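A.B. asks: The structure under discussion is supplied below as structure tokens; questions concerning it will follow.
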Amino acid sequence: MSINASGWKPTAPVKGENGVPTFTGNKALMLEEPLIFEIGSTETTGVDFAEGDVAGSRLGDLTRKAPIGLPGLSEQETVRHYTRLSRQNYAIDLGLFPLGSCTMKHNPRLNEKMARLPGFADVHPLQPVHTVQGALGVINELAVWLITLTGMYGVAMSPKAGAHGELCGILAIKAALEKRGEGHRKVVLVPESAHGTNPATAAFAGFAVEDIPATPDGRVDTAALKARLGPDVAAVMITNPNTCGLFERDLKEISDAVHAAGGYVYCDGANFNAIVGRVRPGDLGVDAMHINLHKTFSTPHGGGGPGSGPVVLSEALAPFGPLPFTARMADGHIQLIEEETAGDDHPDTFGRMVAFHGQMGMFTRALTYILSHGADGLKQVAEDAVLNANYVLRSLEDVLDAPFAGAGPCMHEAIFSDKGFAAGFSTIDAAKALIDEGFHPMTMYFPLVVHGAMLVEPTETESRAALDQFIGALRSVAERAKAGDPSLKTAPHFAPRARLDETLAARKPVLTWKPPVAPQAEAAE
Amino acid sequence: MRYLPLTSTDRTDMLSVIGASSIDDLFVDVPEAARLDGPIRDLPMHASEMAVERHMTALARQNMVAGEVPFFLGAGAYRHHVPASVDHLIQRGEFLTAYTPYQPEIAQGTLQMLFEFQTQVARLLGTDVANASMYDGSTACWEAIGMARRITRRGKAILSGGLHPHYVSVAKTMAKYTGDVLDTALPVLDAETDIDALIAKIDGDTSCVVVQYPDILGRIADLTPLADACHASKALLIAVVTEPVALGAIRAPGEMDADIVVGEGQSLGVGLQFGGPYVGLFGCKEKYVRQMPGRLCGETVDANGQRGFVLTLSTREQHIRREKATSNICTNSGLCALAFSIHMTLLGEAGLRRLAAINHAGACRAADRLAKVPGVTVVNDTFFNEFTLDLGREARPIVRDLADRGVLAGVSLGRLYPGEDALANGLVVAVTETTTQDDVEALATALQEALA
């Protein structure tokens, strides 16, 4: 598609959905938008600066001479560009977002307002500690909630995301083993249904990873796990509730066995929202667990991040956690324990894993959400999340294969498979057809232990009416997939784009924009 | 409980559809001993929007706000003016509340933005490619060291004394577990960078040399000789940029042949936020792209031949490769990357260069003024918007003293390097477009009084 000098594209009328052409490629309120590199110029700027002489003199010989190639837009063009782009996105503000294991719940706007208070947003991480007592107070107050809700001994607040928290937990385990003189324990056991980050994390920290199989009812094979325990096992990484949406009934029994064998229990707490206020992981013998603040305590996903992954630690592991952390002193002021202040009181910390104190903006949002719900509301959160998921499971199990429906209630997410679809039809066709129904699809092909998995997590912030509409849509899609409706193979039909060629993108990666080659230059080559 | 839409009638009806007599029936798999009855004691119950706002506002008031006082802190986090439209646009629900773009047909907004971000970052850093962002600069730096290990199959990384000490700490923490050997140094106050010393350390075991640009004391050096020395020994040069605005005024590390350039993108669009969330920038030469950690967005076409964007090269990632993945990262800093990208789009090349020039000029004026304070010496010969003062006595208590006088004076090297006597007198001072002449005068006066 050619691009003319002013950035208009395309340059000839294109066909619309039902054959009606438009010159611009736009469809009334749905507006196509070129890249900033096609519409901006290096002379344009949307920011005014003070007048005056700005000759520099201390740059050595390093003054930049070559152009950078950064286009600018005026303020209005910028607002239009990003507003138009935003309209090509599905988001929780538009409708139900049933991505299992990802937990897309409503983002209260009070959280956003509080995170933007200058007292939190406009303070520097290296200000003298006595000038940031309120910011440290937020961290400390949130830490108290996390410790209390999980029944644990301490918490490391600084990990920047769930997977970073996993690394934190595994590093604390490694440090504890080394302190005991048992650095030879090199094996981490990971059940089949674990998040892919779990084995990647263990391998990153230098451990050998061994899989533990699942039982037919979607849980860890406890007998197989116990049989594998021994003097070479450092830890078990287990997800509870697990990625099949089921509660690991034997976790306490597993923890006791792992501890008796000299190992530690890491719990992937990505699904803590299903049990918050009803179960304390500390009571189940967990030594370390990360909490995805964005999932359980609603901070916005922002198209993928930022996340935040505080890690709660048992008494055995707490001394090994990372710097920095906060401590409230006898006189009420909050001390920041970092390299200088750790001193002789905290000799076992494994060190710093991020430049500053972690995701303050996420802490503020999470604490705001927690205070809004309170201890009673958080319990209701877990109950409604589980109620909604079981309602979806029971309402669809007559039309969709539900591999674990007979294995007891699900927790916060319901799992289905593509078994029973017509030949040639699979999970991806159902997912893309849901897009045409106005829903974001569920998680596809995960967990790996279920063939053609569809993992649905409605969350607690969906009303019954929203659930019924979603159930109706998925029911209709399932019936069409069973009947082999060919229109499913070409879905979505009403999205901003038809199915995208992901193979082409991986085979010939185009990761940055490059100016189009002029036809005459192309011919000369 | 204003965010929970189910009524008690809904709950009763839904339980009957499920075939359960009470909510407890749905938690039967939880062992009895682990079940909690009633809300957890010692924690408060739910509160109204107004009550929560009052509580949080009271906490916010206990902080000294950067924008309300003369403010000179940098050292890896910088205070810049963020145009109003940046925060307005990132709060659009379709950006704010979208998830990772796993379904590209209905996530083109996020994906096109990431593609534009990658291009902006690559051009700014002077690299062939860039990824869709990392957690922050310090973790991006660590990931770059791991990437160099995979590429060179060597495990000794040389870290410049000018590298931010927290970045060094992060690398040390991680190296304890991955087995990398780190050769580290401290900055030297009276030397103008340690490039020659770094070159002398490179040998056949070296995987990479990591150098910050401008460095922790604010100094800038030509990286070309270092890049040549690295490449002569088949090692990689990793450059770390904690102040991306600098690249509007000085040459990009990629232009000086750095193999991997990582950075902290907080300066543009994101704000101080007491240390996070920030946005890690990560660029490299094209030939190393398959060893790069993090998410990547790529261009492709849809079934109708229209241009579109998808997440790509996921065969490097944890959800496919599990224990063989290039890293365990499974997110990026999407919203912060968006803020960075919008701010960069508003600036454009002309605006970025002008912003950089204003920062540099302000810093030059401030350095000249502060040098006139009795007992104060400006350490740097070169700098962009940040430089180091030698106060002739321990800087840490002076910083506390100045805070009590209502001036946030800068970052003392004593805070960054506790116990290092040779650095205790150093104060790192940052000046940006938000710093006024009056602010500089206030700092000079307060400093003079405190040192008297």
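The values are calculated or read from the model by the stated rules, or taken from the named source; none is laboratory data. Note that the structure is a prediction, hence the values are computed from the model and not measured. Neighbour counts are summed over all protein chains in view; Cβ atoms, including those assigned to glycine, are modelled from backbone coordinates with ideal geometry.
Residue-wise test of (1) under 18 Å from A:Asn240 (Cα atoms); (2) in contact with a His (Cβ under 8 Å, 6 or more places away or on another chain); (3) at pLDDT 95 or above.
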{"position": "B:Tyr3", "(1), (2), (3)": "no, yes, yes"}
{"position": "B:Asp10", "(1), (2), (3)": "no, no, yes"}
{"position": "B:Asp13", "(1), (2), (3)": "no, no, yes"}
{"position": "B:Ala20", "(1), (2), (3)": "no, no, yes"}
{"position": "B:Ile23", "(1), (2), (3)": "no, no, yes"}
{"position": "B:Val30", "(1), (2), (3)": "yes, no, no"}
{"position": "B:Arg35", "(1), (2), (3)": "yes, no, no"}
{"position": "B:Gly38", "(1), (2), (3)": "no, no, no"}
{"position": "B:Asp42", "(1), (2), (3)": "no, no, no"}
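A.B. asks: On the given criteria, is A:Thr368 at the interface with chain B (Cβ under 7 Å from one of its Cβ atoms), outside any strand (DSSP E or B) and surrounded by 20 or more Cβ atoms within 10 Å (Cβ to Cβ)? Explain how you work it out, then say what you get.
C.D. replies: Working: at the interface with chain B (Cβ under 7 Å from one of its Cβ atoms): yes; outside any strand (DSSP E or B): yes; surrounded by 20 or more Cβ atoms within 10 Å (Cβ to Cβ): yes.
In short, yes.
A.B. asks: Hey, another quick one. Please go through segment A:270-279 and give me each residue that is out of contact with any Gly (no Cβ under 9 Å at 6 or more places or on another chain) and assigned to a loop (DSSP other than H, G, I, E, B), ordered by number.
C.D. replies: A:Ile275, A:Val276, A:Arg278
A.B. asks: Now for a separate question. Give the residue, chosen from A:Ala355, A:Ala385, that is out of contact with any Leu (no Cβ under 9 Å at 6 or more places or on another chain), under 24 Å from B:Pro5 (Cα atoms) and surrounded by 23 or more Cβ atoms within 10 Å (Cβ to Cβ).
C.D. replies: A:Ala385
A.B. asks: How many residues are crowded, with 18+ Cβ neighbours inside 10 Å, in a helix (DSSP H, G or I) and not small (Gly, Ala, Ser) when one looks only at segment B:288-337?
C.D. replies: The qualifying residues number 7.
A.B. asks: Please work out if B:Ala84 is among the aliphatic types (A, V, I, L, M) and farther than 25 Å from A:Asp48 by Cα. First the steps, then the outcome.
C.D. replies: Details: among the aliphatic types (A, V, I, L, M): yes; farther than 25 Å from A:Asp48 by Cα: no.
Spelling it out, it is not the case that B:Ala84 is among the aliphatic types (A, V, I, L, M) and farther than 25 Å from A:Asp48 by Cα.
A.B. asks: Hey, among the residues in segment A:352-365 that are assigned to a loop (DSSP other than H, G, I, E, B) and among the small types (Gly, Ala, Ser), which one's farthest from the other protein chains (Cβ to nearest Cβ)? Write out each step before concluding.
C.D. replies: Taking segment A:352-365 first, the residues assigned to a loop (DSSP other than H, G, I, E, B) are A:353-359.
Of the ones still in play, those that are also among the small types (Gly, Ala, Ser) are A:355, A:358.
Values: A:Ala355: 4, A:Gly358: 6 Å.
Among those residues, the one meeting the criterion is A:Gly358.
A.B. asks: Could you tell me whether segment A:181-188 includes any residue that is under 30 Å from A:Val456 (Cβ atoms) and of a type outside the set (A, V, I, L, M)?
C.D. replies: No - not one qualifying residue is present in segment A:181-188.
A.B. asks: I'd like to know if segment A:141-149 contains one or more residues that are under 19 Å from A:Pro281 (Cα atoms), more than 9 Å from every other protein chain (Cβ to nearest Cβ) and not in a helix (DSSP H, G or I). Even if it seems obvious, please write down each step before you answer.
C.D. replies: Applying the first criterion (under 19 Å from A:Pro281 (Cα atoms)) to segment A:141-149 yields A:142-149.
From what's left, more than 9 Å from every other protein chain (Cβ to nearest Cβ): A:142-143, A:146-147.
Narrowing further to those that are not in a helix (DSSP H, G or I): none.
No, the conditions are met nowhere in segment A:141-149.
A.B. asks: Something else about it: Taking the condition surrounded by 13 or more Cβ atoms within 10 Å (Cβ to Cβ), under 30 Å from B:Val428 (Cβ atoms) and more than 7 Å from chain A (Cβ to nearest Cβ), does B:Gly74 pass? Let's see the steps before the verdict.
C.D. replies: Numbers: surrounded by 13 or more Cβ atoms within 10 Å (Cβ to Cβ): yes; under 30 Å from B:Val428 (Cβ atoms): yes; more than 7 Å from chain A (Cβ to nearest Cβ): yes.
Taking the combined requirement at face value, the residue satisfies it.
A.B. asks: Can you spot a residue in segment A:59-74 that is surrounded by 15 or more Cβ atoms within 10 Å (Cβ to Cβ) and more than 7 Å from chain B (Cβ to nearest Cβ)? First the steps, then the outcome.
C.D. replies: Keep residues of segment A:59-74 that are surrounded by 15 or more Cβ atoms within 10 Å (Cβ to Cβ), which gives A:59-60, A:62, A:64, A:68-74.
Subsequent filtering for residues that are more than 7 Å from chain B (Cβ to nearest Cβ) retains A:74.
Yes, that holds for at least one residue.
A.B. asks: Here's another thing I want to ask about it. Are any residues in segment A:99-140 among the acidic types (Asp, Glu) and in a helix (DSSP H, G or I), and if so, which ones? Working first, answer last.
C.D. replies: Initial filter on segment A:99-140 (among the acidic types (Asp, Glu)): A:112, A:122.
A:Glu112 - this is the single residue of segment A:99-140 that is among the acidic types (Asp, Glu) and in a helix (DSSP H, G or I).
A.B. asks: While we're looking at this one, here's another question. Please enumerate the residues belonging to segment B:369-395 that are within 12 Å of another protein chain (Cβ to nearest Cβ), among the charged types (D, E, K, R) and surrounded by fewer than 24 Cβ atoms within 10 Å (Cβ to Cβ).
C.D. replies: Listed by number, the list holds a single entry, B:Asp381.
A.B. asks: Moving on. Checking A:Val477 against (1) without any contact (Cβ under 8 Å) to a residue 60 or more places away in the chain; (2) surrounded by 15 or more Cβ atoms within 10 Å (Cβ to Cβ); (3) within 11 Å of chain B (Cβ to nearest Cβ), only one condition comes out false. Which one?
C.D. replies: With respect to (1) without any contact (Cβ under 8 Å) to a residue 60 or more places away in the chain; (2) surrounded by 15 or more Cβ atoms within 10 Å (Cβ to Cβ); (3) within 11 Å of chain B (Cβ to nearest Cβ), A:Val477 is out only on (3).
A.B. asks: Next question, about the same structure. Name every residue in segment A:90-129 that is facing another protein chain (nearest Cβ under 7 Å) and under 16 Å from A:His357 (Cβ atoms), in order of residue number.
C.D. replies: Correct list: A:Gly119, A:Phe120, A:Ala121, A:Asp122, A:Val123, A:His124, A:Pro125, A:Leu126, A:Gln127, A:Pro128.
A.B. asks: Right, another one. Starting from segment B:341-368, keep only residues that are more than 7 Å from chain A (Cβ to nearest Cβ), then list their pairs with residues that are among the β-branched types (Val, Ile, Thr) and outside any helix (DSSP H, G or I) whose Cβ atoms are within a distance under 6 Å, requiring at least 6 positions of separation or different chains.
C.D. replies: Once the first residue is more than 7 Å from chain A (Cβ to nearest Cβ) and sits in segment B:341-368, its partners that are among the β-branched types (Val, Ile, Thr) and outside any helix (DSSP H, G or I) give B:Asn359/B:Thr432; B:Gly362/B:Val431; B:Gly362/B:Thr435; B:Ala363/B:Val431; B:Ala366/B:Val431; B:Ala367/B:Val378.
A.B. asks: Quick one: count up the residues across segment A:207-243 that are in contact (Cβ under 8 Å) with a residue 40 or more places away in the chain and among the polar types (S, T, N, Q).
C.D. replies: 4
A.B. asks: So in segment A:410-427, with the set limited to residues that are hydrophobic (A, V, I, L, M, F, W, C) and crowded, with 18+ Cβ neighbours inside 10 Å, which one is farthest from the other protein chains (Cβ to nearest Cβ)? Give the steps one after another, and end with the answer.
C.D. replies: First, pick out the residues of segment A:410-427 that are hydrophobic (A, V, I, L, M, F, W, C): A:410-411, A:414-416, A:421-423, A:425.
Right, trim to crowded, with 18+ Cβ neighbours inside 10 Å and you get A:410-411, A:414-416, A:421, A:425.
Working: A:Cys410: 8, A:Met411: 8, A:Ala414: 11, A:Ile415: 15, A:Phe416: 16, A:Phe421: 19, A:Phe425: 17 Å.
The extreme case among them is A:Phe421.
A.B. asks: Does any residue of segment B:172-179 turn out to be out of contact with any Leu (no Cβ under 9 Å at 6 or more places or on another chain) and either within 21 Å of B:Asp228 (Cβ to Cβ) or surrounded by fewer than 21 Cβ atoms within 10 Å (Cβ to Cβ) (or both)? Even if it seems obvious, please write down each step before you answer.
C.D. replies: Within segment B:172-179, the first condition is being out of contact with any Leu (no Cβ under 9 Å at 6 or more places or on another chain), and the residues that meet it are B:178-179.
Applying the additional criterion that residues be either within 21 Å of B:Asp228 (Cβ to Cβ) or surrounded by fewer than 21 Cβ atoms within 10 Å (Cβ to Cβ) (or both) yields B:178-179.
Within segment B:172-179, one or more residues are out of contact with any Leu (no Cβ under 9 Å at 6 or more places or on another chain) and either within 21 Å of B:Asp228 (Cβ to Cβ) or surrounded by fewer than 21 Cβ atoms within 10 Å (Cβ to Cβ) (or both).
A.B. asks: Something else about it: Which one of A:Pro509, A:Pro496, A:Pro458 is touching a residue at least 12 places away in the same chain (Cβ under 8 Å), at the interface with another protein chain (Cβ under 7 Å from one of its Cβ atoms) and in contact with an Asp or Glu (Cβ under 9 Å, 6 or more places away or on another chain)?
C.D. replies: Values: A:Pro509 fails: touching a residue at least 12 places away in the same chain (Cβ under 8 Å); A:Pro458 fails: at the interface with another protein chain (Cβ under 7 Å from one of its Cβ atoms).
When all the criteria are applied, what remains is A:Pro496.
A.B. asks: Right, another one. Looking only at segment B:276-287, which residues are in a loop (DSSP other than H, G, I, E, B) and either of a type in the set (A, V, I, L, M, F, W, C) or surrounded by fewer than 19 Cβ atoms within 10 Å (Cβ to Cβ) (or both)? Don't jump to the end; show me each part of the working.
C.D. replies: Taking segment B:276-287 and keeping what is in a loop (DSSP other than H, G, I, E, B), we get B:276-279, B:285.
Correct list: B:Val279, B:Lys285.
A.B. asks: Scanning segment A:216-269 for residues that are part of a loop (DSSP other than H, G, I, E, B) and of a type in the set (Lys, Arg), which turns out surrounded by the most Cβ atoms within 10 Å (Cβ to Cβ)? Show your work before the answer.
C.D. replies: First, pick out the residues of segment A:216-269 that are part of a loop (DSSP other than H, G, I, E, B): A:216-219, A:221, A:229-232, A:240-250, A:261-263, A:269.
Retained after the next criterion (residues that are of a type in the set (Lys, Arg)): A:219, A:249.
On the way: A:Arg219: 23, A:Arg249: 19.
Checking each candidate, the answer is A:Arg219.
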